[in-house]
Structure formats: structure tokens, C-alpha cells
Amino acid sequence: MAMPSQVKMGARVLRELGEYARALPASDARHRPSPPESGLVVDVGSGQAPHPRADLIVDKYVADDFERGSALVIDKPLVVGDGHALPFADHAFSYIITSHVLEHATDPVVFASEMQRVAEAGFIQVPGRRAELTFGWPFHPWLIDREGSALVFCPRGEAKAPDGDYFHRAFTDSAVFALWFAAHRDDWHHSVHWERSFDVRVEGASAAPQTADLDVELTLRTLNEMSVVGPTGALRATLRCPADHGVLADEPSALHCESCGRSYPVANGVPVLLAEAATTA
Ligand SMILES: [Zn+2]
């Protein structure tokens with residue numbers, strides 16, 4: 001027979017589980033994208049979990065999972081591009097999703113201005129300072145705070161999460177811990193639902209100790225071995241040169257910018273619109 005203290009503890013656990021479950025719908029609404037029913041939606045850095053509503057996904061590192069929790073999932077038309085120079089026309093999209101991406105940025109101000117250039121509205125989620133110092137992802141160069149509507153990025157410097165592995169394991173091993181985390185997401189993640197504009201500030205310069213490698217040849221080889229499709233129709237019409245937003249003309253296995261003369265490879269139908277991949281005639 002259970003001891004009275006265990007009964008009390010059991011009752012308390014049940015009561016708390018009920019509280020977390022009741023808190024979840026409102027927490028989810030604050031911390032999940034809310035894309036419109038119509039209009040083009042792009043998910044940038046969708047990694048292992050593209051949003052179901054996304055029409056197009058953008059990733060830079062298709063051949064390297066170093067900065068990703070698990071393997072890349074590609075279940076939508078794909079463009080290989082960089083958030084700091086998005087290869088799209090101004091206001092090409094109704095909505096842009098960047099979930100757990102901006103904290104990887106070398107220059108969050110440039111990345112943020114590109115998001116506002118190519119889309120009318122969007123959703124941003126980043127881990128907050130507490131998450132970085134508790135769980136820790138050493139490849140994130142930033143500690144991020146929210147001040148009013150602004151996201152403020154400070155260089156991580158030497159700040160580490162010495163027990164990060166322990167907390168990552170607890171999150172994976174314990175459904176109760178994961179539920180508690182989800183119900184208290186406000187304490188861990190900053191989520192911004194923005195329209196027209198949002199505010200990003202950087203205090204200091206980034207110094208990421210280690211980032212994913214970009215190998216253009218390996219990227220092209222990887223794309224050719226993957227089951228992927230590129231953008232067609234209305235999605236193809238959104239594409240622009242990442243360097244100067246010039247119109248891109250189709251060439252055999254390349255896209256050619258009519259204004260700056262750069263050509264970008266297309267592998268297995270997927271445009272690789274990266275500065276690193278550009279060639280000039
Ligand atoms: Zn160009």
C-alpha cells in the first residue's frame with residue numbers, strides 16, 4: 001500500500017499534468033506559425049520539419065546536418081539559398097516561416113531585413129537566453145533576449161551550458177519533462193508573429209566558434225542523389241538573383257541573371273541560388 005506522502009505526491013503530479021495540458025492550446029497558439037489560408041508560404045531553414053502549409057522550402061546546407069537536430073526532410077519544392085541573401089522578388093510571399101533559424105545567422109539584422117523584403121508577414125521562433133544557457137547549442141553564435149517587440153542578439157562569447165547534454169537527454173527521455181517544457185514555452189522560446197515589419201537588434205559582433213560547411217560540389221552531388229523537386233509555375237516566378245534581385249533566365253542546368261551575368265547551377269531541378277555557387281561567363 002502506498003504511503004500517504006506518495007499518495008499526496010501522486011495527486012500533485014496528476015493535478016500538475018492537468019494544468020500543463022490545459023495550458024498547452026494557448027501556449028501552442030503563441031508558439032506556432034499561423035500562415036494564411038491563401039497566398040504563397042515559404043519555410044526558410046525548415047530542416048527536419050517543414051511546415052505543412054509551406055509551398056516552398058529553402059535550405060542552405062543540404063549535405064551537412066551539423067547544425068540540425070536530425071536529418072533533413074524535403075517534402076516540398078526546394079530552393080537552396082541563404083537567409084542573408086534570399087533569392088526571391090520583393091514581397092513574393094504572403095508569409096515566411098523561420099523557426100529556429102535566426103539564431104544560426106551570422107548577421108541577424110541582414111537576415112531579418114531579407115525576410116521583411118520578400119514577405120508581407122511571418123513567424124519567427126528562436127531559443128531564448130535561458131534555453132541557450134540550460135540546453136546549449138554551441139553552434140549558435142547568440143544569446144537572444146526579447147525586449148518589447150524586439151529580438152536582441154548578444155554574442156554568446158564564452159557562455160556555455162555545461163550540463164546541456166543532461167537536459168537534452170531529460171527532454172528526450174521524459175514525456176513529463178517535455179510536457180512541462182511545452183506548457184512553459186514562454187520561458188524558453190521567443191516567438192514573434194509579425195506583419196509588415198519587426199525589430200531585430202544586435203549588440204556586438206558574431207563569432208560563431210564552428211558552423212556547418214558549405215561544399216558546392218557536394219551540395220550538387222547530394223541533390224542529384226535525393227528525391228527532390230524544384231519550384232515551378234508561380235513558385236518559379238518568385239526566383240531572383242540573390243546578388244542583385246535580377247530576373248533569372250533558364251539555361252540548360254543553370255539559371256542566368258540577366259542584370260549581373262551570374263549563373264547559378266540547377267541540380268535535379270533544384271536551383272542552387274548561393275553566392276558560393278555562382279559563376280560568371
Ligand atoms: Zn544578378
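What translational diffusion coefficient, to the nearest whole µm²/s, does region 232-280 have by Stokes-Einstein, given a Kirkwood radius computed over alpha-carbon pairs, a temperature of 20 °C and 1.002 mPa s viscosity?
Value of D from the Cα-based Kirkwood radius: 203 µm²/s.
Counting only residues 5 or more places away or on other chains, whose amide H sits under 5 Å from the amide H of residue 143 once H atoms are built in the peptide plane?
Close amide H contacts, sequence-distant or interchain: 154, 156.
Given the Cα-Cα distance of residue 225 and residue 6 and 0.36 nm per residue of separation, how much length would full extension add, in nm?
Difference between extended and current length: 73.2 nm.
With a 10 Å Cβ neighbour count serving as the proxy for reagent exposure, in which order, fewest first, do 19, 103, 158 appear?
Listed from fewest to most nearby Cβ atoms, that is 158, 19, 103.
So, with +1 on the Cβ of K and R and -1 on the Cβ of D and E, and no other charges, what is the size of the charge dipole of the chain about its Cα centre, to the nearest 20 debye?
Approximately 980 debye in magnitude.
Restricting to DSSP loop positions (anything but H, G, I, E, B) with no more than 11 other Cβ atoms inside 10 Å of their own Cβ, which GluC sites (Glu not before Pro) remain in region 214-281?
258
What aspartates and glutamates could a cross-link reach from residue 160, if we take a straight Cα to Cα line under 20 Å and drop same-chain neighbours fewer than 8 places away?
Cross-link targets: 67, 103, 132, 145, 187, 203.
In vacuum, with every alpha carbon of region 1-109 counted as one equal point scatterer, what does the Debye formula give for log10 I(q)/I(0) at q = 0.12 Å⁻¹? Two decimals, please.
After summing over all Cα pairs, the log10 values are -0.56.
Per the helix-only calculation at 222 nm, which mean residue ellipticity applies to the chain, given -39500 (n - 2.57) for every DSSP H run of n ≥ 4 and division by its residues, nearest 500 deg cm²/dmol?
-8000 deg cm²/dmol
Can you run phi through the Karplus equation (6.51, -1.76, 1.60; θ = phi - 60°) for region 125-135 and list ³J(HN,Hα) in whole Hz, with x for Gly and Pro?
The phi angles translate into 9, 9, x, x, 3, 4, 5, 5, 8, 9, 8 Hz.
Could you work out how far the C-alpha centroid of region 126-199 sits from that of region 48-118, in angstrom?
Centre-to-centre (Cα) distance: 19 Å.
Take each complete run of DSSP H in the chain, measure how far its Cα atoms stretch along the helix's own axis, and keep only those covering 30 Å or more with mean Kyte-Doolittle hydropathy at least -1.0; list them.
4-31
Using a Förster distance of 51 Å, how high is the FRET efficiency between residue 216 and residue 20, based on the Cβ-Cβ distance and rounded to 0.05?
Efficiency, from the Cβ-Cβ distance: 0.65.
Give me the Debye-computed log₁₀ of I(q)/I(0) at q = 0.08, 0.11 Å⁻¹ for the chain, equal point scatterers on Cα only, no solvent, two decimals.
-0.38, -0.68
Listing 76, 160 from the residue with the fewest other Cβ atoms within 10 Å to the one with the most, what is the order?
160, 76
Only the coordinates and a few stated rules stand behind these numbers; no lab work does. Every value quoted in this text rests on a predicted model; they were computed, and no experiment measured them. Positions of Cβ are backbone-derived with ideal geometry, glycine not excepted, and every protein chain shown enters the neighbour counts.
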